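What follows is a short report on a single structure.
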Amino acid sequence: MNGAESLIRTLMSADVTTCLANPGTSEIHIVQALDRAAGMRCVLGLFEGVVTGAADGFARMAGKPACTLLHLGPGFANGMANLHNAGRASVPIINIVGEHATSHLRYDAPLTSDIAGIARPFSRWLRTSAAVGEIGKDAADAVVAARTAPGQIATLIIPADLAWSEGGFVAQPPRLLRPPMPDTENIEHAAATLRSGAKSAILVSGSGLHGKGLLAAGRISAATGAKIFAPYPVTRLERGSGLPAVDRVAYVLEQGIEQFKEFRHLILVGARAPVAYFAYPGKSSEFTSPECEIQTVAEADEDMVGALESLAEAVGTRDAHGSTQKAERPPLPQGNITLPGLASVVGAILPENAIVVDESMTSGRGLMAASKGAPPHDWLGNTGGSIGIALPLAVGAAIASPERRVLCLTADGSAMYTLQALWTMAREGLNITTVVFANRDYAVLKREFSYLGAGNPGPRGTSMFEIGRPDLGWVQLAKGMGVAGSRVNSLEEFAKVLRDGFAAEGPTLIEVPL
């Protein structure tokens, strides 16, 4: 068995059975091993940013890692923006990166680079295999690292000569580590705070926002009156009718300050205290008031679900079911396209058990309010702020959850960063309905310009914030990638085409001009 085969078979034995890839010459023997590995799903991305973003989406929904296959340092570098987002999402990903054969490195060939140096800032675990017989163990260690709570990026670099040489071994499936429970004093302190009657909020992240963790948070809220929040950069939030109501922290500084001004206690479960994305002249970066006491129940690498369940028991909610969101949808609007109207259409017809991927930017500010009473669904956001995540994230979510419909909401400027994901959607036949809000602007930057006290942009500044001249033709772009597309000009058209998209087999795209 060669090193490449020992790598793939070890990953499969550890339940890593999806490979998202954009390989090159240095990875040929790994591709050959993939070809012989029945049970490993291989998905090609035409750009490494699609590959890494899809690995993020897969991990968010599957709760386990996929592996990526990337070509040398430049290939890894092409995927770094969405690895930044994945790192902020705290999801498990295993990057496999090919390296030149060790005997070839001394020639300093054109693609030679410091792969470890490039990968280190984006990897919580990093290793270069040093011998054929060690590749299997290295792969098993990478799995353990990636699946260490709350989820981490692990990068394994494989020299080409080790991949093609004989002498590989399949490592035993690794023993995964359970996240530790937080200190009981943290839970007791938080329980006393919640029982005191003081105005309190709970900011929850990670696994506390879906499944058992969310239900426990709902029981705490029902028993104590504490309000539940999710971070604005939300990894995965389960929401909708019959589920505990969770407010998302605002993006805009003043709105965030308004959200938290009434609270005298903020309890953190796997989350950080809310702050602005950027600094603004003469303004505080913190959302909470100076009088607000902030206390941590569980860190991100601790058992957040266990902490919430213990906290629920400590405040006396063992038999409580918690308050839940009422089932209520907005009426279907008619007429000209408006942002509130678009949000109402989504809220009115969003199917049960959908996965919503949201990078709608300024166009989507009303979407969560309009869909809060829709049937239960998951909401995935941009966790790191590096734009171009929506289309790849939707690819990964759809691969992980093929039985569910994915709604991808994206701004036109953001979508252009990773347009190639449409091709992967078509090739894999993924059930993704993509809505492109085409305002032909980097509208958020226009807002930030004035918000920073710089006034209004001049002609040169304006030209850098507008993406018309020529206008992007999303229906044509989608068609070129093999995805059926439609352009709508009224709310009635949007509702019809959105319904048709939800019912279709395979991907569709809707361009909404604004």
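Observations on the model:
- Modelled spin labels at T324 and T462, positioned 7 Å past Cα toward Cβ, are 5.2 nm from each other.
- Sparse-neighbour loop sites [chymotrypsin sites (Phe, Trp or Tyr not before Pro); the range 27-101; at most 11 other C-beta within 10 Å; DSSP]: none
- Burial order of peptide ranges 483-494, 460-471, 198-209 (average beta-carbon count within 10 Å, highest first): 198-209, 483-494, 460-471
- Since only A223, V269, L203 are under comparison, the one whose Cα sits farthest along the positive direction of the charge dipole of the chain, derived from C-beta charges on Lys, Arg, Asp and Glu, is A223.
- Taken about its Cα centre, the range 291-419 carries a charge dipole of about 820 debye when Lys and Arg each add +1 at the Cβ and Asp and Glu each add -1 at the Cβ.
- Fraction of antiparallel bridges per DSSP, the chain only, in percent to nearest 5: 10 percent
- Cross-link partners of K446 among lysines (Cα-Cα below 23 Å; sequence separation of 8 or more within a chain): K283
- Mean Cβ neighbour count within 10 Å, used as a protection proxy, ranking 422-432, 237-247 highest first: 422-432, 237-247
- Entries of K227/K326; K64/K212; K212/K261; K227/K372; K212/K372; K227/K261 with Cα pairs more than 21 Å apart: K212/K261
- The share of Cα pairs per 5 Å bin across the range 292-390, counted from zero up to the longest distance, runs 2, 10, 14, 14, 15, 16, 14, 9, 4, 2, 0 percent.
- Between the range 211-272 and the range 432-458, the C-alpha centres lie 27 angstrom from each other.
- Sites A101 and S196, calculated FRET efficiency, Cβ-Cβ separation with R0 51 Å, nearest 0.05: 0.20
- Rounded to 5, percent antiparallel among DSSP beta bridges of the range 339-513: 5 percent
- Helical contribution to [θ] at 222 nm, DSSP H n ≥ 4, -39,500 (n - 2.57), averaged over the chain, rounded to 500: -10500 deg cm²/dmol
- Three-way shape label, the range 339-513, alpha-carbon gyration tensor, a/c 1.5: prolate
- Alpha carbon convex hull of the range 3-164, volume per residue in cubic angstrom: 91 Å³
- Using the Cβ-Cβ distance between A130 and R272 with R0 = 35 Å, the FRET efficiency computed as 1/(1 + (r/R0)^6) comes to roughly 0.40.
- For the range 31-100, trypsin sites (Lys or Arg not before Pro) are listed when DSSP marks them as loop and at most 13 other Cβ atoms sit within 10 Å of their Cβ; the list is R36.
- Sorted fewest first by neighbouring Cβ atoms within 10 angstrom, M481, M1, M361 come out as M1, M481, M361.
- Length-normalised contact order of the chain in % [C-alpha pairs under 8 Å, at least 6 apart]: 14 percent
- Residues of the range 243-263 with amide N under 12 Å of the 7 Å Cα→Cβ point at E291: 261-263
- GluC sites (Glu not before Pro) restricted to DSSP loop in the range 351-416 with at most 12 other C-beta within 10 Å: E352, E403
- Cα→Cβ-extended label distance, 7 Å offset, between D247 and M1, nm: 5.5 nm
Read-outs throughout are calculated quantities, based only on the coordinates presented, and are distinct from any laboratory measurement. Computed from a prediction, not measured in an experiment: that's the story for all the values here. Here the Cβ is made from the backbone with ideal geometry for all residues, glycine too, and neighbour counts use every protein chain on show.
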